[in-house]
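Scroll down for the structure; my scribbles are underneath it.
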Amino acid sequence: MIPAASLALQPDPASGPDPAPAPAALPAPARWQRLWREAVRDPRELLALLGLDAAAAGLSEAAAAQFPLRVPRGFVARMRHGDLHDPLLRQVLPVDAEERIVSGFSLDAVGDGAARKAEGVIQKYRGRALLVATGSCAVNCRYCFRRHFPYGEETAARDGWAGAVAAIAADPGIDEVILSGGDPLSLATPKLAELTARLAAIPHLRRLRIHSRLPIVLPERVDEPLLQWLAALPWPSAFVVHANHANEFDPAVDAALARLRGAGVQLLNQAVLLRGVNDSVEVLADLSERSFAAGVLPYYLHQLDRVQGVAHFEVSDERARALHAALAARLSGYLVPRLVREVQGDTGKRPL
Ligand SMILES: *Cc1c(COP(=O)(O)O)cnc(C)c1O
Ligand code: SF4
């Protein structure tokens, strides 16, 4: 997940992994790239796979046209058959409620020109520069502000990273680069390696961070070339995954996360608080415990970005605080994520 502000700079189609291999010129696509392309894109197919009726599901063609459905088949396999309220299904199914216009939920991402350092580079917080590596994702999450920017180009990558790398190199105050998107792991591994090779020449970088939902939604992405790339990075690295519900974990995800840990990265999870998905103490506690069992520490629980079409997911601040307090009363301290919201102009994520 990326801050809304970066999207205005960095819209991109969710059309597929990058780059689309040219025939003959490149090696055969990796297995994860084939699985990516085989993702379910037709809401009716998704519902049929789950034994559900489109009318009863509140399926919205208009919402699907505005922000297409996209979900890898392995993620579909973790949904409960015949359950319209399945928490994984709710995250990806385009429904009528998205068409409601609700005041306070805007169409525009809150542009933050001052935070933009270069094409695809955003700095809001001290020391950390966020690099929008690509706008592509393997899954389209209905609650994401990305829904309003389905088309565009990979701006940070367009000039072979030169502008982004130059901006970071020119500022010795930056000691951490965050690869974000979209999903940075939707880039092919050689492209990631090209980028980090350029970053490695910058002496003031001390840490690398990667924000990616791919180990959760398409664990096959964590393949041998990716692990070799990670293990060879010249910095200590943090890897922030994004899971909102314990059911998103399965043995394939556990194995992918174990492989990541084996490559020496610190694993953290960020989740978004979503009505009808994870807005209960039981579900949030299960998520923390399940994450920890997979070697992942809870990091953030975000209040969602108020973009049009997501109001039905919103949990009030009052309820969010009550849930968080109940969670803290129940779990070990290190299993309690920080409840935060992104507020323009702040020096960091704002605790609620
Ligand atoms: C969220 C965010 C970060 C990371 O913040 P942490 O609190 O360090 O996780 C960095 N840059 C931008 C622009 C962000 O939105
Ligand atoms: S993985 Fe989902 S929440 Fe994250 S940027 Fe992509 S669509 Fe948005």
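Go through (1) crowded, with 16+ Cβ neighbours inside 10 Å; (2) in contact with a Leu (Cβ under 6 Å, 6 or more places away or on another chain) and name the single condition Pro219 misses.
Only one criterion is unmet by Pro219, namely (2).
Confirm whether Leu84 is over 19 Å from the mean Cα position of the chain (by Cα), surrounded by 20 or more Cβ atoms within 10 Å (Cβ to Cβ) and over 21 Å from Phe145 (Cβ atoms).
The answer is no for Leu84.
Within segment 127-142, restricting attention to residues that are modelled with pLDDT of 95 or more, part of a loop (DSSP other than H, G, I, E, B) and over 11 Å from the mean Cα position of the chain (by Cα), which residue is nearest to ligand 2 (Cβ to nearest atom)?
Arg142
Taking segment 313-336, which residues are more than 16 Å from ligand 2 (Cβ to nearest atom) and within 30 Å of Leu107 (Cβ to Cβ)?
Val315, Ser316, Asp317, Glu318, Arg319, Ala320, Arg321, Leu323, His324
Can you find even one residue in segment 40-57 that is assigned to a loop (DSSP other than H, G, I, E, B), within 20 Å of the chain's Cα centre (by Cα), surrounded by 11 or more Cβ atoms within 10 Å (Cβ to Cβ) and modelled with pLDDT of 95 or more?
yes
Out of Ala255, Ala285, which single residue is small (Gly, Ala, Ser) and buried (at least 16 other Cβ atoms within 10 Å of the Cβ)?
None of the others qualify; the one that does is Ala285.
Confirm whether Gly182 is within 11 Å of ligand 2 (Cβ to nearest atom), of a type outside the set (S, T, N, Q), in the same structural domain as Val241 (by TED's automatic domain parsing) and part of a loop (DSSP other than H, G, I, E, B).
Against the criterion (within 11 Å of ligand 2 (Cβ to nearest atom), of a type outside the set (S, T, N, Q), in the same structural domain as Val241 (by TED's automatic domain parsing) and part of a loop (DSSP other than H, G, I, E, B)), Gly182 qualifies.
Please give the number of the condition Gly333 fails out of (1) free of Cβ contacts under 8 Å to residues at least 24 places away in the same chain; (2) in contact with a helix residue (DSSP H, G or I) (Cβ under 7 Å, 6 or more places away or on another chain).
Here Gly333 meets the rest and fails (2).
Do the conditions hold for Val277, that is, is it β-branched (Val, Ile, Thr), in contact (Cβ under 8 Å) with a residue 60 or more places away in the chain and within 15 Å of ligand 2 (Cβ to nearest atom)? First the steps, then the outcome.
Details: β-branched (Val, Ile, Thr): yes; in contact (Cβ under 8 Å) with a residue 60 or more places away in the chain: yes; within 15 Å of ligand 2 (Cβ to nearest atom): yes.
Yes.
The values are calculated or read from the model by the stated rules, or taken from the named source; none is laboratory data. Model, not experiment: these values are computed from the prediction. Cβ atoms come from the backbone with ideal geometry, glycine included; neighbour counts cover every protein chain shown.
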